[in-house]
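What follows is a set of notes on a single structure, which appears directly below.
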Amino acid sequence: MDLHILDHRLRVTSICKDGLVNFTHSLIKLMFLRNKTRCKFFSLTETPDNYTVVLDEEGFKELPSSEHLQVEGATWLPLNVVSNGNASSSSQAVGVTKIAKSVIAPLAEQHVSVFMLSTYQTDFILVREKDLPVVIHTLEEEFKIYREEEGEPVPVHSKDMQNGFHKNGKEAVKLTVHPVLSPQNQFCVMSLDPDTLPAIATTLIDVLFYSNSSVKDEAPPTQGLDCIKFFSFSLIDGYISIVMDTETQRRFPTNLLFTSSSGELWRMVRIGGQPLGFDECGIVAQISQPLAEADISAYYISTFSFDHALVPEEDIGSVIAMLQQQRLEVVS
């Protein structure tokens with residue numbers, strides 16, 4: 001398999017709910033007016049806590065400075081696993097599980113923090129630019145690694161890295177196993193022909209910017225019994241991915257959005273009792289490795305405050321039991 005370092009330099013940002021009105025013009029431009037911006041990587045995820053916006057440097061220029069905007073300090077690079085010339089496809093119901101042992105676990109062992117973004121088409125593993133030498137050194141035995149430059153893949157090796165290899169930390173850090181909860185929403189992962197995006201623009205804007213449903217106004221769930229607001233829209237290199245619950249899906253025309261042939265529904269596992277931050281390593285691994293061992297598919301979407309895994313609906317009971325048992329074993 002090949003590992004591609006994509007030609008995007010990304011920023012991870014958060015917009016607080018009360019401040020969204022300051023960003024609607026910029027966000028609508030980035031979502032719908034592709035010919036008016038040079039942004040090629042854009043992802044917007046709404047949670048009960050905030051809006052997480054991941055975008056490239058050109059897109060970042062579109063966001064106004066504001067006290068309502070938090071920006072994680074690092075520049076992030078997206079990695080993508082390519083098998084047989086095609087991106088590792090979440091639409092085949094494998095998702096982050098497929099790369100748990102080959103990518104996620106080795107990087108966690110080297111104390112490399114990752115930010116995950118699964119889409120309908122593929123899985124992006126975001127790493128800090130400063131960690132790239134460690135990433136290449138860690139993964140080059142398993143993968144042929146290429147860095148995309150102006151659309152062309154150029155082979156890279158650890159000996160080519162100007163800054164050289166260095167380990168992140170000297171000793172293994174004790175793993176923190178975070179609490180998990182599972183809201184009751186059923187989710188679907190869908191895509192859309194970019195040419196038909198204008199046909200759903202009004203609904204999409206209403207869902208993201210003007211929805212006043214009771215779910216949105218409720219506090220985040222504490223016992224895993226409630227439904228929560230979660231909506232994710234990505235427009236990356238011309239491909240659209242949308243994650244939403246089935247209640248929201250009913251607001252969209254059925255003939256424009258498409259999903260996998262099985263039409264599978266997904267349930268969410270939200271990771272973290274308190275905001276996770278960006279420096280802790282191994283959070284994705286603590287979820288993806290048990291799922292990989294149990295051969296359970298998963299999408300994985302990191303946000304500014306928490307992480308979210310989507311697993312097949314029929315597996316949610318066993319997944320929650322598995323992760324709760326893992327937590328008990330670590331605590332004891």
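Data for the structure
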| item | result |
| --- | --- |
| Criterion violated by GLU314 - all others in (1) free of Cβ contacts under 8 Å to residues at least 40 places away in the same chain; (2) closer than 13 Å to ALA100 by Cβ satisfied | (2) |
| Test for ASP307: is it among the acidic types (Asp, Glu) and open to solvent by less than 40 Å² (accessible area, probe 1.4 Å) | yes |
| Close pairs from the range 246-274: first within 20 Å of SER288 (Cβ to Cβ) and in contact (Cβ under 8 Å) with a residue 60 or more places away in the chain, partner among the acidic types (Asp, Glu) and assigned to a loop (DSSP other than H, G, I, E, B), Cβ under 9 Å, at least 6 apart | none |
| Test: residue in the range 270-279 that is of a type in the set (A, V, I, L, M, F, W, C), at pLDDT 95 or above and over 22 Å from LYS130 (Cα atoms) | no |
| Filtered residue count, the range 74-83, keeping only those that are modelled with pLDDT of 95 or more and either open to solvent by 50 Å² or more (accessible area, probe 1.4 Å) or not polar (S, T, N, Q) (or both) | 5 |
| Single match in SER232, SER241, SER191 (criterion: within 24 Å of GLY273 (Cβ to Cβ), modelled with pLDDT of 55 or more and not in a loop (DSSP other than H, G, I, E, B)) | SER232 |
| Of all residues making up the range 271-288, the number that are open to solvent by less than 10 Å² (accessible area, probe 1.4 Å) and at positive phi | 1 |
| Members of the range 63-80 found to be under 19 Å from the mean Cα position of the chain (by Cα), in a loop (DSSP other than H, G, I, E, B) and farther than 15 Å from ASP279 by Cβ, listed by number | THR75 |
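So that you can scan it fast, the table gives a plain yes or no per residue for (1) open to solvent by less than 10 Å² (accessible area, probe 1.4 Å); (2) in a helix (DSSP H, G or I):
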residue: HIS4; (1), (2): no, no
residue: HIS8; (1), (2): no, no
residue: VAL12; (1), (2): yes, no
residue: LEU27; (1), (2): yes, yes
residue: ARG38; (1), (2): no, no
residue: LEU44; (1), (2): yes, no
residue: LEU55; (1), (2): yes, no
residue: GLY59; (1), (2): yes, yes
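The values are calculated or read from the model by the stated rules, or taken from the named source; none is laboratory data. This is a predicted model, so every value here is computed, not measured. A quick note on method: Cβ atoms are made from the backbone with ideal geometry, for glycine too, and the neighbour counts reach across all protein chains shown. Side chains included, ligands, DNA and RNA excluded: accessible areas come from the protein's heavy atoms. Shrake-Rupley method; radii C 1.70, N 1.55, O 1.52, S 1.80 Å.
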